Amino acid sequence: MSDDLRDLYQEVILDHGRHPRNRRMIEDANHFAHGENPLCGDQLTVFLKVGPDGVIKDVSFEGRGCAISTASASLMTEVIVGKTEAEAQKLFEDFHAMATGGEAHSGDEFEDEIDRLTVLAGVRDYPVRVKCATLAWHTLAAAIKDEQKVTTE
Amino acid sequence: MIITRTEADTVAGIESARADFPILSRPVRGRPLVYLDSGASAQKPQVVIDAESTVYSTQYANIHRGLYYLSERATEAYEAARRTVQRFLNAKHAHEIIFTRNTTEAINLVAASYGRKFLEPGDEIVLTGFEHHSNIVPWQLLREERGVVIKVAPVSDNGEVPLEAITGLFGPRTRLVSVAHMSNVLGTILPVAEIVRAAHAVGARVLVDGAQAVSHLPVDVQALDVDFYAFSGHKIYGPSGIGALYGREDLLNAMPPYQGGGDMIATVRFEKSTWAPLPHKFEAGPPAIAQGPALAAALDYVSGIGMARIARHEADLLEYATRQLSAVEGVHIVGTAPEKGAVISFVIDDVHPHDIAQILDNAGVAIRAGHHCAQPLMQRFDLPATARASFGLYNNRADVDALVAAVRKVKEMFGA
Ligand SMILES: Cc1ncc(COP(=O)(O)O)c(C=O)c1O
């Protein structure tokens, strides 16, 4: 395998792609949204259980996609559980900036979380794959806003 | 770069054709290009590139308008291209060939012009379950406007649509059958002549979407007795931006214009205008002036090799590729109809087609992954997408070997 391919498909991605965490339904979710990437037909649903204090108590996803989109959804659920909705929104913006080659805005606030997500930064060199990596996050943002449908087009 | 082959691997005379395509000697990601996406768009031989460039460098002007030398030359070249398409499809008359932008526009032309004029609410249009979106959506637009009914012949598990699945839908309201000659996903080739015979017997017209078929097999619209036949230049080694619709003279004459503008009129008065005769009635506005002669060059090129010989060469490749890919554990071919053109859709257990295509790209192997503009078909097989290798006259067994080697690498990487 060549180096640029290894940048894209890092071991963590292959692992999360094969064994996604939190791929399940949350029966008593109080937010959810359905996301779709019309280009490849990938579909994904994000479920959220948010407490009265605005803290995300549980987050999960369902759906099947490529290794990149599955790994991204899986990693997302790991980093946003325990965050408030506002923090999750900020993380989304940071992640989006990273995936599209920009700079994170929130400084050091989420250093650990962003560190965990940098395995996905390789997509910035593959324009068509950026949407794979950001689908789960767009869907999360829609779920928070109670927009039940989102597409990455 | 010419990849070496053994004599036995090739149909005589076709092996040198690869050298006619300059792009195939271009390295991609540091490796020789293995181009297996001709079903999406085919590469161009030098004669096509030269033909387009010659128009610009020696005889370019607007056509059908100027009363001067260059315009006459450009017009003549464009009309000569129409005669080349006529010969290629064996149409009876050159004016039965309408130039369009592509297959998509040709189908939309029939839906908008023939459909609006001749189809009534409740009239039925028969499609198959493997149609490309361009042979689905125009009919849905017509359904919204005219209340026509769309019936869909189901696809069997191996990717066939048996004749009876189509004729079984025929009834007193069947007015039009619109089907792909060859599926761009499954490769399935339909028995068009039989479909036409059955359709005509119930008084229905037949439009055939030849986008895939024309580059893989000989097509004779009179022998098939089709009413309409559509194809695109870019999939048959010709330029993008030009395609053609064949329509039977009597039908085209009875149909209203598709778009209005210059070139398609006889006289224009504010009270009433009259239309130009065929084919110009359907060609409003300036056409793809330089692409006409380039399309003719492409058709002359494949005719020079011989469509039957191309078909034999590709049948050999398809057989070889099917055998090699099937031998890889976990690989499943989608579409195994006995009558099949050189397209292989496949999936690999536990690996998404996008990841397959990405890793193949890294090995210099260009294939397509996705729904191939056939979402209803993906649903039918309960797949989000497939990977698809599609072959052209320039491909050879070495390309197949590169494909299979890269597929093995995918499996290795994903532990599939
Ligand atoms: C079977 C089939 N029909 C129609 C089309 C549409 O052709 P175009 O995109 O050139 O208009 C395609 C293109 O992929 C096709 O494969």
Restricting segment B:97-116 to residues that are open to solvent by less than 10 Å² (accessible area, probe 1.4 Å) and away from the ligand (no atom under 16 Å from the Cβ), the residue that is nearest to the other protein chains (Cβ to nearest Cβ): B:Gly115
Test result for B:Pro121, within 16 Å of the ligand (Cβ to nearest atom) and over 24 Å from B:Asp382 (Cα atoms): no
Tally of residues being more than 15 Å from the ligand (Cβ to nearest atom) and outside any loop (DSSP other than H, G, I, E, B) across segment B:224-245: 1
Tabulated pairs, segment B:388-416, first within 14 Å of chain A (Cβ to nearest Cβ), second open to solvent by 40 Å² or more (accessible area, probe 1.4 Å) and in a helix (DSSP H, G or I), C-beta under 8 angstrom, 6+ apart or interchain: B:Phe414/A:Arg18; B:Gly415/A:Arg18
Any hit, segment B:179-189, residues being within 16 Å of the ligand (Cβ to nearest atom), more than 16 Å from B:Glu124 (Cα to Cα), in contact (Cβ under 8 Å) with a residue 12 or more places away in the chain and surrounded by fewer than 24 Cβ atoms within 10 Å (Cβ to Cβ): yes
Residue within segment B:90-112 that is among the small types (Gly, Ala, Ser) and closer than 26 Å to B:Gly168 by Cα present: yes
Residue among B:Tyr237, B:Tyr246, B:Tyr229 that alone is in contact (Cβ under 8 Å) with a residue 24 or more places away in the chain, of a type in the set (Ser, Thr, Tyr) and in contact with a His (Cβ under 9 Å, 6 or more places away or on another chain): B:Tyr229
Positions within segment B:231-280 being of a type in the set (Lys, Arg) and farther than 30 Å from B:Asn184 by Cβ, in sequence order: B:Arg269, B:Lys272
Residue in segment B:306-326 that is crowded, with 23+ Cβ neighbours inside 10 Å, of a type in the set (D, E, K, R), assigned to a helix (DSSP H, G or I) and more than 12 Å from chain A (Cβ to nearest Cβ) present: yes
Matching residues, segment B:192-212, being of a type outside the set (Gly, Ala, Ser) and either within 11 Å of the ligand (Cβ to nearest atom) or closer than 19 Å to B:His132 by Cβ (or both): B:Val192, B:Ile195, B:Val206, B:Leu207, B:Val208, B:Asp209, B:Gln212
Counted residues, segment B:28-72 - those being within 27 Å of the chain's Cα centre (by Cα) and not charged (D, E, K, R): 23
Sole residue being closer than 27 Å to B:Leu24 by Cα, among the hydrophobic types (A, V, I, L, M, F, W, C), open to solvent by less than 30 Å² (accessible area, probe 1.4 Å) and more than 9 Å from chain A (Cβ to nearest Cβ), chosen from B:Ala374, B:Ala357: B:Ala357
Breaking point among (1) surrounded by 15 or more Cβ atoms within 10 Å (Cβ to Cβ); (2) of a type in the set (S, T, N, Q); (3) in the same structural domain as B:Gly247 (by TED's automatic domain parsing), for B:Ser53: (1)
Where a residue in segment B:91-120 is closer than 14 Å to B:Glu249 by Cβ and its partner, wherever it lies, is hydrophobic (A, V, I, L, M, F, W, C) and within 16 Å of the ligand (Cβ to nearest atom), with Cβ under 6 Å and at least six apart: B:Ile97/B:Val85; B:Ile97/B:Ala244; B:Ile98/B:Leu245
Top-ranked residue in segment A:38-58 [being of a type in the set (A, V, I, L, M, F, W, C) and part of a loop (DSSP other than H, G, I, E, B); ranked as least open to solvent (accessible area, probe 1.4 Å)]: A:Cys40
Pair list, Cβ < 6 Å and 6+ apart or interchain, from segment B:134-148 residues that are of a type in the set (Asp, Glu) to residues that are within 13 Å of the ligand (Cβ to nearest atom) and in a helix (DSSP H, G or I): none
Qualifying positions in segment A:13-28 - more than 14 Å from chain B (Cβ to nearest Cβ) and either surrounded by fewer than 16 Cβ atoms within 10 Å (Cβ to Cβ) or at pLDDT below 95 (or both): A:Arg24, A:Met25, A:Glu27, A:Asp28
Qualifying residues in segment A:1-12 (those that are open to solvent by 40 Å² or more (accessible area, probe 1.4 Å) and not in a helix (DSSP H, G or I)) - the one farthest from the other protein chains (Cβ to nearest Cβ): A:Gln10
Residue tally, condition open to solvent by less than 20 Å² (accessible area, probe 1.4 Å) and within 17 Å of B:Met182 (Cα to Cα), over segment B:327-344: 7
Enumerated helices (runs of 4 or more DSSP H) restricted to segment B:61-154, each holding at least 2 residues that are among the charged types (D, E, K, R): B:69-89, B:137-146
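The values are calculated or read from the model by the stated rules, or taken from the named source; none is laboratory data. Nothing here was measured: the structure is a model prediction, and the numbers come from that model. No Cβ is skipped: glycine too gets one built from the backbone with ideal geometry, and neighbour counts run over all protein chains shown. The area values use the complete protein model at the heavy-atom level, side chains included, leaving out ligands, DNA and RNA. Shrake-Rupley method; radii C 1.70, N 1.55, O 1.52, S 1.80 Å.
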